[in-house]
Every structure is written in C-alpha cells, then in structure tokens.
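Take a look at the structure below.
Computed from the coordinates by the stated procedures, all read-outs in this text should not be read as laboratory data. Note that the coordinates shown come from a computational prediction; the quantities given were computed from them, not determined experimentally. In this analysis, Cβ positions are derived from the backbone assuming ideal geometry, glycine residues included, and neighbour counts consider all displayed protein chains.
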Amino acid sequence: MVILQIVGIAILAGILIIVIKQEKPELAFLLSLITGLIILILVLDQVGVVIDLLNQLAEKAEIDLIYFNTIIKIIGIAYIGEFGAEITRDSGETALASKIEMAAKIIIMILAIPIMLSLIETIIKLIP
Amino acid sequence: MDISLIFKIAGIGILISIFNIILTQAEKEEQAQVLTIAGVIIVLMVVIQLIGDLFNDVRTVFKF
C-alpha cells in the first residue's frame, strides 16, 4: 500500500532530520524538502488515476472539456502552491509563504473567470 | 529511488558534520566553512533535479 510507504519514509526522514539538525540546520531543511518532494511524486500517480477517470466520465456526460480542464489546472495550482507555501513556512519565512498563497489564489481567480461568466450567462438565459 | 536518496542525503549531512568537527579541532575553520558550502551545493543539485522531476510530473498530470 502506498500509504505505508509514505508514512515509513516520513518517520524515517523525521528521525534523520533531528540527527542532522544540531550540526547542520541547512542540510536538515534540504532533507525535509527532499522528503516532501518524494512523497508528492509518489502521490501524484494516484491523482493521475483519479483525473483520467473523471475525464472519461466527463466525455460520457458530454460536458464540454474546457471547464473540466480549467478545474484540473486549478487543482494543480493549489497542489503546487500549497507545497511551496509549506516549504517556505518550514524554512522560517512565513511572510514569503503567505505571498505564495496569495499569488496562488489570484492565479486561481483569473482561471476561474471564464467559468463564472458562462455560469452568469446561463442564469440570465433562465430568467424569462 | 526514494529511500536510498534520503539515506544518501542524510549520510552526506552526517559526514560533513563529522568532518567539520575534525577540521575545527585542527584549527582549520575556513576549510570547514568551505566543506559546509560544498555539502550544501551537492545536496542542492539533487534537490533541484528532484524539483524538476516533480514539476514535469505535475505538468503532465494536470495538463498545464
């Protein structure tokens, strides 16, 4: 099971980080960054399976794929933005972390505008 | 790929801290500093390569 692998890696890395932290805090930070990257790469395959399934369902239901693709892009932006924010917060730069989160929200807002517009148009059409 | 990578980086970290202790006792502080920088650079190269892999995977999965 993937979850056992992930938890094992995380606990192992946590112990090694504590060992290195007294002497070399910068290397300890890099080690925690590497562990985060490895876990993210491991989880990414599972996310890919879910997205392919959703794609098939969207094709069957004839939803036009433009909105579906933007939703997937938004998920990707949130995925990476959250990772970057947590890593910078881990390194002690909370100000930078909040900047990354703000940027991610703005980019997601920009991506979501077409969906909102089409939603509003359909609502206006419904009103007699 | 993953567990061995963590062990490699942890090994580098421990080795560098040991060598630093030895160098500081031999009154060669500047070499200890250079050694620390070298270690950080080696680990950074591994990290950057891994970040590149992650971003490529994200690009393919999320269809950026």
- Item | Proximal lysines to A:Lys60, defined as alpha-carbon separation beneath 21 angstrom and excluding residues fewer than eight positions away on the same chain | A:Lys73, B:Lys63
- Message: Once you place label points 7 Å from the Cα toward the Cβ at B:Ile3 and A:Met109, how far apart are they in nm?
- Response: 4.7 nm
- Query: When you look at the Cβ of every residue in A:34-40, what mean number of other chain Cβ atoms sits within 10 Å?
  - Reply: 6
- Task: Sort largest first and round to whole Å: the equivalent ellipsoid semi-axes of region A:1-45, each the square root of five times a Cα gyration tensor eigenvalue.
- Result: 22, 11, 4
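Starting from the Cα coordinates of the protein assembly as shown, work out the convex hull volume and express it per residue in Å³.
On the way: hull volume 25.8 nm³, N = 192.
Per-residue hull volume (Cα only) is 135 Å³.
Please give the FRET efficiency for B:Lys28 paired with A:Lys73, using the beta carbon to beta carbon distance and R0 = 35 Å, rounded to the nearest 0.05.
Details: r = 53 Å, r/R0 = 1.51.
My answer for the efficiency is 0.10.
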- Message: Based on Cα coordinates alone, diagonalise the gyration tensor for region A:64-128, multiply each eigenvalue by 5, take square roots, and list the semi-axes in whole Å, largest first.
- Response: 33, 12, 6
- Read phi for every residue in region A:99-106 and hand back ³J(HN,Hα) as whole Hz from Karplus 6.51 cos²θ - 1.76 cosθ + 1.60, θ = phi - 60°, with x for Gly and Pro. 5, 4, 5, 5, 4, 4, 4, 5
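Which trypsin sites (Lys or Arg not before Pro) in chain B pass both tests, a DSSP loop state and at most 16 other beta-carbon atoms within 10 Å? Spell out each step's value before the answer.
Details: sites: B:Lys8, B:Lys28, B:Arg59, B:Lys63; in loops: B:Lys28, B:Lys63.
Hits after loop and neighbour filter: B:Lys28, B:Lys63.
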- Message: Quick check: convex hull over the Cα atoms of chain B, volume per residue in Å³, rounded to an integer?
- Response: 66 Å³
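Pop the C-beta distance of B:Leu44 and A:Gln46 into the FRET formula with R0 = 30 Å and round what comes out to the nearest 0.05. Don't skip to the end; give the middle numbers.
Numbers: r = 29 Å, r/R0 = 0.95.
Taking R0 as 30 Å, the efficiency between B:Leu44 and A:Gln46 is 0.55.
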